[in-house]
1. Measure off 7 Å from each Cα along the Cα-to-Cβ vector at SER240 and ARG178, then give the distance between these two points in nanometres to one decimal.
2. Give the angle, between 0 and 90 degrees and rounded to the nearest 10, that separates the Cα long axis of helix 124-136 from the longest principal axis of the Cα atoms of the chain.
3. Residue by residue, what Karplus-based ³J(HN,Hα) values in Hz, rounded to whole numbers, does the stretch 88-93 have, using 6.51, -1.76 and 1.60 with θ = phi - 60° and x for Gly and Pro?
4. Work out the charge dipole of the chain with +1 on the Cβ of Lys and Arg and -1 on the Cβ of Asp and Glu about the Cα centre, then indicate which of GLY198, SER80, ALA257 is farthest towards its positive end.
5. Note down, for the chain, the three equivalent ellipsoid semi-axes (square root of 5 times each alpha carbon gyration tensor eigenvalue), biggest first, whole angstrom.
6. Just check the stretch 105-157 against the gyration tensor rule for me: Cα atoms, a ≥ b ≥ c as the square roots of the eigenvalues, rounded for a/c under 1.5, and otherwise prolate or oblate depending on whether a/b exceeds b/c.
7. Based on other C-beta atoms within 10 Å, arrange THR164, THR239 from fewest to most.
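Rule-based calculations on the coordinates, nothing more; no lab input. All of these numbers come straight from a predicted model, not from anything done at the bench. Please note: Cβ atoms are built from the backbone with ideal geometry, for glycine as well, and neighbour counts cover all protein chains shown.
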Amino acid sequence: MGLFDFLRRPAPCPPPSESVEARMGRALDAAASGDYEGALALWEPLAREGIARAQNNIGACFAEGLGVARDPEMAQKWLSLSAQSGDPVGQRNLAALYFKGEGVPQDYVHAAELYGAAAAQGDAPAQDMLSWMLLEGEVIPADVAEARRWAEAAAEQGVASSMTRMGMLYHNALGVERDAAEAARWWQKGAEGDDADGQAMLGAAYHIGSGVPRDPVAAYAWLLRAQAGGSQLAAPFMTSAREALSPDQQAEAERIAAAPLPGAG
């Protein structure tokens, strides 16, 4: 099937009384089951009717190659329509294209503007990404106060990486007074949300007793989780944390690290 053949294909005709919400629901059910072609067939007429979220969903499918061949330029066209209509997810996904330079020239400033528009509408992943960009200050000017504001907003919505970032702000005294206990509190939240860097920093805190009592078993268990999750922040502490344990304690830490996270289903 050619790239455009699918979108030219007649879409299933909805019942005369079926609402937009019902049609979107059927499409999302199809996507959730892995039937992206079926979902696209339902989203396409909705997108042409001007439904911004349907436009976003089609753009996301082209961006990821779901149900159609991956095509960043087509992704940009659909996501631009969604973003222009004010859909925060469309704005966030279009921002990602500009950030990576996929289908469009790389433009960090425009990416930040789009993330900002989505963040202002309460989109948590956009708030998290904007916070990171503002804190790093490598591609747009740094603004620690704004980075903290958006990290707090995303953390309140459960974004674990922003919880970890809040811990870093308190650890490094960026825009706030240094507070080891507050840093550890935020790292605990990030770690339990399965953010690998949060797990690494919490493990380090338990290892040296920064903001929390020293706990060699907890330290090594969190560091093992962090390492398994791909965090490079765990590596400097692994050897000394392991050497602080007896064989029985090491076995206990490994058992804890292999168990589901606290609160996981």
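1. In this crude label model, SER240 to ARG178 measures out at 1.6 nm.
2. Long axis of 124-136 versus the principal axis of the chain: about 60 degrees.
3. Rounded to whole hertz, the list is x, 5, x, 4, 5, 5.
4. SER80
5. Working: eigenvalues 352, 99, 48 Å².
For the chain, the semi-axes come out at 42, 22, 15 Å.
6. On the way: a/c = 2.41, a/b = 1.30, b/c = 1.85.
It comes out oblate by the Cα gyration axes.
7. Details: THR164 28, THR239 9.
Going from sparsest to densest Cβ surroundings: THR239, THR164.
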